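> One structure is given below, represented as structure tokens, and several questions about it will come after.
Nothing in this text is a laboratory measurement; each read-out follows from the coordinates by a stated rule. Quantities reported herein were computed from a predicted structural model and do not represent experimental measurements. Every residue, glycine among them, receives a Cβ derived from its backbone with ideal geometry; neighbour counts consider all protein chains shown.
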Amino acid sequence: ISIDKSGSFLQLNQYRLMEQIGQGSYGLVKLAYSEEDSTHYAMKILSKKRLLRQAGLMRRGPRKATSPLDRVYREIAVLKKLDHPNVVKLVEVLDDPLEDSLYMVFELVKQGEVLRIPTDNPLSEKRAWSIFRESLLGLEYYTMLSSSAISLKRIFVYTVHHQKIIHADIKPGNLLLTEFGHVKIADLGVCNEFLGDDATISNGSTAGTPAFRAPETLIPGQNEYCGRAADVWALGATLYSLIFGNVPFLADSVPLLYEKIKQDSVKFPENHKVTENLKSCIVQMLEKNPTQRITIPQLKTSKWVTS
Ligand SMILES: COc1ccc(C(=O)/C=C\Nc2cc(OC)c(C(=O)O)cc2Cl)cc1
């Protein structure tokens, strides 16, 4: 990678890095312009040291032959194969063995995040309906792919001794809106893991956002759970927040939040007029018991989704 810091912008090969357009527990995303094809891209910048630390932290017992970074590279190879209108497209990965940063070049989804929460002007039911339907298709494609191919996730889960792996990090911040108002899901590929059983999040880990976590992933010592059902929960919490402007469970601390997620039933604001079908759909997605929770195929034929 030719890094030209002469001008005020970093130049990586044909990409000129511009302003930051996104950030999260994973790192940050910058707008990038390619002179080669006069097109803008979203450049996600990860730190290899941090990925190693997180993967490294995950490992207990004898060290495996493959370095944790190999897993990330294999993960990226899976990501490159993802091709669906509702999943953000990975164009290429720039990796200089001598550099700590790993650059993932994605297609630019022009309008960015669908909705920033909390907000006092959430989306209408109609708007949320179209966004939800497209997100469902993207998630279905992803879960199908990862269940059909021996996805890295399963290997990753077993090699890190059943650490808790959240399948995908579904939340409003990872639903991106194209210039034509279509949705693409981002941040599907890199496994999000969180450490420890006391439900505290290791600092700086790539763990997903606590408010979207399913109850079964919060039970100490409970190592095995189905990523798919956890994704449906996260999609339900996301749908709730698109309509009501905030997450279904709120608390002043993470442990308290986790108690609410495990114990409290979902409440709908009185003053917010929504259809019964929508409420029923959300309730079925936020079912505490993952085996009773509605599945993606059932959602596709549910009353609200087909209304
Ligand atoms: C206002 O205009 C804006 C246009 C685009 C953006 C934007 O793209 C933001 C994040 N992007 C991403 C994040 C990802 O992970 C967390 C992944 C991934 O790892 O899958 C991929 C992408 Cl693209 C922001 C503002």
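> Would you please put 135-143, 110-118, 25-33 in order of how densely packed they are, using the mean number of other Cβ atoms within 10 angstrom per residue and starting with the highest?
Descending packing order for the listed peptides: 135-143, 25-33, 110-118.
> Structure shown: which of 80/126; 30/80; 89/262; 81/126; 48/262 lie over 23 Å apart, alpha-carbon to alpha-carbon?
Pairs exceeding 23 Å: 80/126; 89/262; 81/126; 48/262.
> Indicate the gyration tensor shape class of region 236-295 (rounded, prolate or oblate), computed on the Cα atoms with a ≥ b ≥ c the square roots of the eigenvalues: a/c under 1.5 is rounded; otherwise a/b larger than b/c is prolate and the rest oblate.
Oblate, since a/c reaches 1.5 and b/c is not below a/b.
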